[in-house]
Each structure stands twice: as structure tokens, then as C-alpha cells.
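Presented below is the structure to which this report refers.
The values are calculated or read from the model by the stated rules, or taken from the named source; none is laboratory data. Being a predicted model, the structure only gives us computed values, none of them experimental. No Cβ is skipped: glycine too gets one built from the backbone with ideal geometry, and neighbour counts run over all protein chains shown.
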Amino acid sequence: MTLLVNLIGLALIALIVWYFFLYRKEGVQVTEAGGVQEINITVKGGYDPDTVVVKRGKPVRLHFTRLESALCSEVVVFDKLGQSARLPEGQSVALEFTPAEAGEIPFQCQMGMLRGKVVVT
């Protein structure tokens with residue numbers, strides 16, 4: 001019986017390590033229309049999608065729509081870009097930038113609890 005409980009505990013620990021540290025989402029490729037890369041991001045308990053893949057050197061427009069009243073998701077912050085946007089509940093807010101170099105551009109709520117990233121290729 002003790003062996004079974006230990007094995008279950010180890011399996012759960014392995015699952016937690018995999019989910020929080022090893023699992024990587026591929027990301028959603030942004031569609032391009034009229035020379036601008038655009039995507040809709042829903043904000044409800046997190047960002048969906050939370051990983052967005054764009055091409056460098058082309059304008060990007062992220063449309064954030066907040067579908068909750070939690071104070072944490074009230075603002076989205078792009079520290080690396082020096083930009084942020086207030087997200088009124090139920091309204092779409094566009095944030096635009098043109099990535100100059102490949103890499104990752106993280107974004108988060110003002111409290112740092114909700115996180116996402118733009119992967120520039």
C-alpha cells in the first residue's frame with residue numbers, strides 16, 4: 001500500500017514538473033492582411049492564445065478583448081516595447097508595433113499573474 005501511494009505521488013510530481021517547466025506550446029501563427037499581421041486575443045483567466053508567432057519587420061496588431069471583470073486583467077503590459085493598454089471589459093483594444101529583431105516579446109497583466117509572449121521569427 002505504501003509503495004502504491006509513493007508511486008502515485010512520484011507520478012504527480014513528474015506531471016507537475018512537465019506541465020510547468022518542460023511543456024512548451026508551439027504558438028499560433030498570425031495571419032497577414034493588407035500588410036499587417038493581426039490576431040484576436042481573448043482575456044479571461046489568461047490570454048488565449050498566450051503564444052503568438054509573427055514575422056519580424058512587418059507591422060503587428062494584437063486585438064485584446066477582455067471577457068471578465070477581474071482587476072488583474074485590466075491592463076496588458078509590454079515592458080520590452082515600453083507599451084501598455086487598458087482593457088475595458090467587453091471591448092476590443094488594438095495594440096500595434098513592428099518587431100525589428102527575432103526573439104520573444106513577453107506581455108503580462110499589471111500584477112504579473114497572466115502571461116503571454118509574442119515570438120518573432
Practice item. Output yes when any residue across the range 81-100 is of a type in the set (S, T, N, Q), in contact with a strand residue (DSSP E or B) (Cβ under 6 Å, 6 or more places away or on another chain) and at pLDDT below 95, and no when none is. Key: no
Practice item. Could you look through the range 89-121, keep only residues that are hydroxyl-bearing (Ser, Thr, Tyr) and part of a loop (DSSP other than H, G, I, E, B), and pick out the one that is farthest from Val75 (Cα to Cα)? Key: Thr121
Exercise for review: Could you check Pro88 against (1) in contact with an Asp or Glu (Cβ under 9 Å, 6 or more places away or on another chain); (2) within 21 Å of Val120 (Cβ to Cβ) and say which number it fails?
Suggested key: (2)
Check your understanding: In the list Arg86, Arg56, which residue meets the criterion of being in contact (Cβ under 8 Å) with a residue 12 or more places away in the chain, closer than 14 Å to Val119 by Cβ and loosely packed, with under 14 Cβ neighbours inside 10 Å?
Key -> Arg56
Revision key, fill the gap. Of Thr31, Thr42, Thr2, Thr65, the only residue that is exposed (fewer than 13 other Cβ atoms within 10 Å of the Cβ) and under 28 Å from Thr121 (Cα atoms) is Thr31
Exercise for review: Looking at (1) of a type outside the set (S, T, N, Q); (2) in a loop (DSSP other than H, G, I, E, B); (3) closer than 16 Å to Glu38 by Cα, find the lone condition where Val52 falls short.
Suggested key: (2)
Point to revise | Count of the range 72-83 residues which are without any contact (Cβ under 8 Å) to a residue 24 or more places away in the chain and either closer than 16 Å to Met113 by Cβ or in a loop (DSSP other than H, G, I, E, B) (or both) | key: 1
